[in-house]
């Protein structure tokens, strides 16, 4: 009786593991297919984003370019970019980049516009030896094509863009507690607006 019971237990466990292994195998295959599909979609997206950067770079050097068409291959896939001029008072440009990889397509659409001199409250080519000091408050966007010099804790209420670097005395630290200049909006360095 013990031998027959042992045989039934062994056969029962064998049946359970045979059915379970098929389930686990199906899940493994589905997980692998899901991972591969996610990878392919990610590569297609990365190709589209890279193509949009290539197109934006071309427009940076010549914003008046119309009908820009770039195509090529990248990371085992292909890309294409097109531009369209949106007529109106601002002459905006729409840049569309499409990346394709393993039969999947993804696109990036960017609306570009020019920076205008009048968009800044203050637009300075070079600070030379001048510096914003404690007690100074700049309301609105500020752009410096060179280095921004500060002394103490001037307050910048708008976005600040700098082509060069920040020369702050004391050294700028967002805190806590903050020291140096006070930026209530963004501080962006390396931005050139000729």
Practice prompt. Restrict the check to region 77-97 and report whether at least one residue is under 17 Å from residue 110 (Cβ atoms) and either touching a residue at least 60 places away in the same chain (Cβ under 8 Å) or part of a helix (DSSP H, G or I) (or both).
Written response: no
Practice prompt. Mind counting the residues in region 107-122 that are within 26 Å of residue 46 (Cα to Cα), modelled with pLDDT of 80 or more and surrounded by 11 or more Cβ atoms within 10 Å (Cβ to Cβ)?
Written response: 5
Worksheet item: Can you pull out the residues in region 126-155 that are part of a strand (DSSP E or B) and under 18 Å from residue 184 (Cβ atoms)?
Response: 132, 133, 137, 138, 142, 143, 144, 148, 150, 155
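Suppose we filter region 28-65 for residues that are farther than 18 Å from residue 99 by Cα and surrounded by 12 or more Cβ atoms within 10 Å (Cβ to Cβ); how many remain?
Restricting attention to region 28-65, the residues satisfying the condition of being farther than 18 Å from residue 99 by Cα are 28-35, 59-65.
If we keep only those that are surrounded by 12 or more Cβ atoms within 10 Å (Cβ to Cβ) too, we end up with 59, 63, 65.
So the answer is 3.
Looking at residue 164, is it loosely packed, with under 15 Cβ neighbours inside 10 Å, part of a loop (DSSP other than H, G, I, E, B) and touching a residue at least 12 places away in the same chain (Cβ under 8 Å)? Break it down into steps so the answer makes sense when it comes.
Details: loosely packed, with under 15 Cβ neighbours inside 10 Å: no; part of a loop (DSSP other than H, G, I, E, B): yes; touching a residue at least 12 places away in the same chain (Cβ under 8 Å): yes.
So residue 164 fails the test.
What is the residue count in region 167-190 for residues that are in a loop (DSSP other than H, G, I, E, B) and surrounded by fewer than 16 Cβ atoms within 10 Å (Cβ to Cβ)? Break it down into steps so the answer makes sense when it comes.
Let us first name the residues in region 167-190 that are in a loop (DSSP other than H, G, I, E, B), namely 170-172, 174-178, 180-181, 184-186, 190.
So of that shortlist, the ones also surrounded by fewer than 16 Cβ atoms within 10 Å (Cβ to Cβ) come out as 170-171, 174-178, 184-186, 190.
Matching residues across region 167-190 total 11.
Quick check: is even one residue across region 66-85 under 30 Å from residue 158 (Cα atoms), at pLDDT below 80 and in contact with a strand residue (DSSP E or B) (Cβ under 9 Å, 6 or more places away or on another chain)?
First pass over region 66-85, keeping only residues under 30 Å from residue 158 (Cα atoms): 85.
With the extra rule that they be at pLDDT below 80, the set shrinks to 85.
Applying the additional criterion that residues be in contact with a strand residue (DSSP E or B) (Cβ under 9 Å, 6 or more places away or on another chain) yields 85.
Scanning region 66-85, I find at least one residue that is under 30 Å from residue 158 (Cα atoms), at pLDDT below 80 and in contact with a strand residue (DSSP E or B) (Cβ under 9 Å, 6 or more places away or on another chain), so the answer is yes.
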Practice prompt. Scan region 23-43 and give yes if some residue there is touching a strand residue (DSSP E or B) at 6+ places or on another chain (Cβ under 6 Å) and within 21 Å of residue 95 (Cβ to Cβ), otherwise no.
Written response: yes
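The values are calculated or read from the model by the stated rules, or taken from the named source; none is laboratory data. Because the structure is predicted, anything quoted here is derived from the model rather than measured. No Cβ is skipped: glycine too gets one built from the backbone with ideal geometry, and neighbour counts run over all protein chains shown.
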